[in-house]
1. Determine if segment 74-87 includes at least one residue that is in contact with a Pro (Cβ under 8 Å, 6 or more places away or on another chain) and modelled with pLDDT of 95 or more.
2. Among the residues of segment 16-44, write down those that are modelled with pLDDT of 90 or more and either at positive phi or among the small types (Gly, Ala, Ser) (or both).
3. Within segment 21-80, how many residues are out of contact with any helix residue (DSSP H, G or I) (no Cβ under 7 Å at 6 or more places or on another chain), over 30 Å from Glu105 (Cβ atoms) and among the polar types (S, T, N, Q)?
4. Sort through Gly189, Gly214, Gly184, Gly170 and tell me the only one that's on the phi > 0 side of the Ramachandran plot and modelled with pLDDT under 95.
5. Hey, His138 hits all of (1) modelled with pLDDT under 90; (2) surrounded by fewer than 19 Cβ atoms within 10 Å (Cβ to Cβ); (3) touching a strand residue (DSSP E or B) at 6+ places or on another chain (Cβ under 8 Å) but one; which does it fall short on?
6. Run Ala231 past the list (1) of a type in the set (A, V, I, L, M); (2) exposed (fewer than 14 other Cβ atoms within 10 Å of the Cβ); (3) touching a His at 6+ places or on another chain (Cβ under 9 Å) and report the number of the one that doesn't hold.
7. Within segment 120-133, which residues are outside any loop (DSSP other than H, G, I, E, B) and either touching a His at 6+ places or on another chain (Cβ under 7 Å) or at pLDDT below 95 (or both)?
8. Could you list, ordered by first residue, the pairs with Cβ atoms under 6 Å in which the first is in segment 190-215 and of a type in the set (Gly, Ala, Ser) and the second is modelled with pLDDT under 85 and part of a loop (DSSP other than H, G, I, E, B), at least 6 apart or interchain?
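The values are calculated or read from the model by the stated rules, or taken from the named source; none is laboratory data. Fair warning: this is a prediction, and the values are worked out from it, not measured in the lab. Every residue, glycine among them, receives a Cβ derived from its backbone with ideal geometry; neighbour counts consider all protein chains shown.
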Amino acid sequence: MRIGEWQDLKVKRESEFGLYLSDGGETEVLLPENQCPDDALVGHSLKVFIYTDSEDRIIATRMKPHAAVGEFAVMKVLMVTGQGAFLDWGLMKDLFCPFKQQHFELREGDEVLVYVYLDERSNRVACTTRWSKHLTSHQGELEQGDAVKMMIADITPDFASVIVNGKFKGAIFRDEWVDELRVGQKRKGFVKRVRDDGQLALSLRPQGYDAVLGERDRVIKALEANGGSLALSDKSSPDEILRAFGMSKGAFKKLIGTLYREGVIVIEDDRIALVIC
């Protein structure tokens, strides 16, 4: 049995306490009666999560934890003791974070990003706030323009650190944001650049020529729908531009600069307008 992971196990036998499941070997694990589906029969396969209960017995559940071993998640600190902190794991049992795995002091009520791991010495699932140690630099799997899954890991004034596809280090610089980000948020992103050190520079907007054309057409259509002008310019605030087009001020200035050079629009202090031929 792989503790801290989801597994497909077969119902081996029934009991008054629930169903005993097996992976085909001699080891059995109990799925408690209140977790058993009504139509489960001996021989049926069930997808369950394996963990140890408060008495260190291996047990199965159909409840979904916030994260399995090898995954990252934001969890709430429920209690702090002399040995460490206990976090809401989403299961009947809370998840332990030892003091030595905390790179800052955890307090009750905090919501923190953690990495979930199996402690080999105790054979118990635990977590650590030192999540960055469990990320790797990109090794050639991705290239510019690729779509990726991202989790926002940390936010600074200039950029957000992100976890890419559950394993890579990445960053979204603030001029690439299309709205406000928060730690733990899951977003779709796009590779803007692969740095020499293997870290990924990311964007929330698609990359490449087709993406630029799409943004260009959207601005032109907005101008046409508004009588040929918009009360936006390169002097507008980032919030105004974000509300209107969901793009950063830097991206907007670059786009209208291109349209101006093409002779499509004129740029004034307080507006942009289509050139009427």
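1. Within segment 74-87, one or more residues are in contact with a Pro (Cβ under 8 Å, 6 or more places away or on another chain) and modelled with pLDDT of 95 or more.
2. If the condition is that a residue be modelled with pLDDT of 90 or more and either at positive phi or among the small types (Gly, Ala, Ser) (or both), then Gly18, Ser22 are the ones that fit.
3. Matching residues across segment 21-80 total 5.
4. Residue meeting the stated conditions: Gly184.
5. Failing condition for His138: (2).
6. Exception for Ala231: condition (3).
7. Arg124, Ser132, Lys133, listed by residue number.
8. Gly198/Ser137; Gly198/His138; Gly208/Gly145
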